[in-house]
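Accompanying notes for the structure given below.
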Amino acid sequence: MDDTGPDDADLVERAKRGDRDAFAALVRRYYRTAYAAAWGVLGRADEAEEISQAAFVQAWEKLEKLRDAGAVASWIWRIARDTALKYLRKHRRMRPTASPPETGAETSPPEGELVRGEERQAVLGAMERLPEDMRDALRMRFWEELDYAAMAQRTGASETALYQRVCRGLKKLRDFLGEGA
Amino acid sequence: MKPDPGHAPFALSAEDADTAALLARHAPPPADTDRGVEAVMARLPQAVRRSPQGRLLRLASPLAAAAVIACAVLLALWPNGDPATSPPNTPSAAENPAAQPREQTVAHFRVREISGERVILDGGLADGLRVGDRLVGPHGEALTVAEVGVFFARARPEEPSLAPARGARVAVESGSSALLRAQDKTSAGGDPGAFFAFGAVFDPLPPQRARELGLADGRAIVVVETIGALAESRTSEPKATPAALLGLQEGDVLLDLNGLPVRDFAEFVQALEMCRRAPRWSLRILRGSRELTLTLER
């Protein structure tokens, strides 16, 4: 991700005035953030793409409500996640598993797929239970693969504080996953 | 945890590194950012955004206004599309019970594993299942749901020797309330009360009822079902839910949680998240016409 160039506050202010190029820059900067949030709920790449796009359209409509331009990443994350939750509720789809698509024949999914699907559900469920700052830190570090400098630039927190959130988040994740063992 | 000065800064312990690797293994597949940006920007002109002065864009002329209204009427009357290709939040035929004969709508689950005397299914509270629901295996094996979690359920075969195999598809018994819940897209299981294991299912309160109750904002959510206990994992015993511990009842209208307004599902999700670590929950509700505060020490 390219973090050079205008900072978030600058882009947000320009987008609020109707600058579509500024908004496009924000979309490019945080598309993976929205995607990760949506995917965490839906577990399907095609739906996550669709929800991510819908989330940014909502963000465009609600830009005036964003008071703290420095928190745009978390704000986008919340919009994408809420949109994904509403979509999941409305379409009443089962939480995705490793099961193959429905066919007429009665087939059993390979054991490896079932285990991986279970593990993914457990990991995603545990991530949802984390405090927001820890979840954001883990997501940025291990899903968006940002280094601590980029994370600090995005959040305004120090690299050391972010490192501590990552370590505490990993421990909490282990605790949650251990509950299901 | 401070980085060891003898090693690279921000190094992880072996245990943390293992957990990080597990998390990375389940990272989302790569997003197509270029296409995503293009798609977002292409959709923007169709969206109406408030100007910095807070005014909606005005239509150029009354003729344009009439055209918009006509389009809206036409879209409302147009047949619903294929749910597989409909964009999010677009009603589809599969969601409208009136558009699909009930006997053709069947809820299915798969057997995830057999654990002792229990058959573990890949659906749970969030999919409409409740303790006591009956399901049928591919060869007529009868199951009864014994415990539920949010996304899984444990069922007991009525004949211990006749349990469906792992991976088998089981169907909700025709005509059962579980089937009706699965068909009903607007309530029962698919909302934050289920997702976050709160233990209550909500519906939006009808606006007229909100007015009768004197709710200034005219919006609220009402409890339509409470779930007394949920299993947190496939192998754990069910525990009392927060809703049960608070003493929430069907018909209760939520007002706020620890002072945070709860007027719709989104605010409920937000309030749950913000109060996640609070040592005490105070849930203000309306029960009939009485305002009560339910509390829970956590």
>> Looking only at residues that are at the interface with chain B (Cβ under 9 Å from one of its Cβ atoms) and among the acidic types (Asp, Glu) in the range A:23-53, which one is most open to solvent (accessible area, probe 1.4 Å)?
In response: A:50
> Of all residues in the range A:54-84 being open to solvent by less than 20 Å² (accessible area, probe 1.4 Å) and farther than 16 Å from residue A:26 by Cβ, which is nearest to the other protein chains (Cβ to nearest Cβ)?
Replying inline: A:83
> Among the residues of the range B:218-248, which ones are more than 17 Å from the chain's Cα centre (by Cα), in a loop (DSSP other than H, G, I, E, B), surrounded by fewer than 21 Cβ atoms within 10 Å (Cβ to Cβ) and not basic (Lys, Arg)?
Replying inline: B:218, B:228, B:233, B:235, B:236, B:237, B:238, B:247
>> Any residue that is open to solvent by 10 Å² or more (accessible area, probe 1.4 Å) and touching a residue at least 40 places away in the same chain (Cβ under 8 Å) - is there at least one of those in the range A:11-19?
In response: yes
> Restricted to the range B:256-277, and to residues that are over 18 Å from the mean Cα position of the chain (by Cα) and buried (at least 18 other Cβ atoms within 10 Å of the Cβ), which residue is modelled with the highest pLDDT?
Replying inline: B:257
>> For the range A:135-159, give me the residue count where each residue is open to solvent by 40 Å² or more (accessible area, probe 1.4 Å) and without any contact (Cβ under 8 Å) to a residue 12 or more places away in the chain.
In response: 5
>> Could you check the range B:280-291 and list, in sequence order, the residues that are open to solvent by 40 Å² or more (accessible area, probe 1.4 Å) and in a strand (DSSP E or B)?
In response: B:280, B:284, B:287, B:290, B:291
> What helices (runs of 4 or more DSSP H) lie completely within the range A:14-122 and have 3 or more residues being modelled with pLDDT of 90 or more?
Replying inline: A:20-42, A:45-61
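Residue check: is residue B:27 modelled with pLDDT under 90, farther than 15 Å from residue A:61 by Cα and either in a loop (DSSP other than H, G, I, E, B) or more than 7 Å from chain A (Cβ to nearest Cβ) (or both)?
yes
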>> For a quick check of your reading of the model, give me the residue pairs whose first member lies in the range B:251-267 and is away from chain A (no Cβ under 14 Å) and at positive phi, whose second is part of a loop (DSSP other than H, G, I, E, B) and not acidic (Asp, Glu), with beta-carbon atoms closer than 8 Å and at least 6 apart or on different chains.
In response: B:251/B:288; B:258/B:275; B:258/B:278
>> Checking the conditions here, which among A:124, A:162 is closer than 25 Å to residue B:235 by Cα and either among the small types (Gly, Ala, Ser) or open to solvent by less than 60 Å² (accessible area, probe 1.4 Å) (or both)?
In response: A:124
>> Among the numbered criteria (1) surrounded by fewer than 23 Cβ atoms within 10 Å (Cβ to Cβ); (2) of a type outside the set (D, E, K, R); (3) modelled with pLDDT of 80 or more, which one does residue B:180 miss?
In response: (3)
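The values are calculated or read from the model by the stated rules, or taken from the named source; none is laboratory data. Quick caveat: nothing in here was measured; it's all calculated off a predicted structure. FYI the Cβ positions are ideal-geometry reconstructions off the backbone, even for glycines, and counts take in every protein chain you see. For the accessible areas, the whole protein counts, side chains as well, though only heavy atoms, and no ligand, DNA or RNA atoms are used. Shrake-Rupley method; radii C 1.70, N 1.55, O 1.52, S 1.80 Å.
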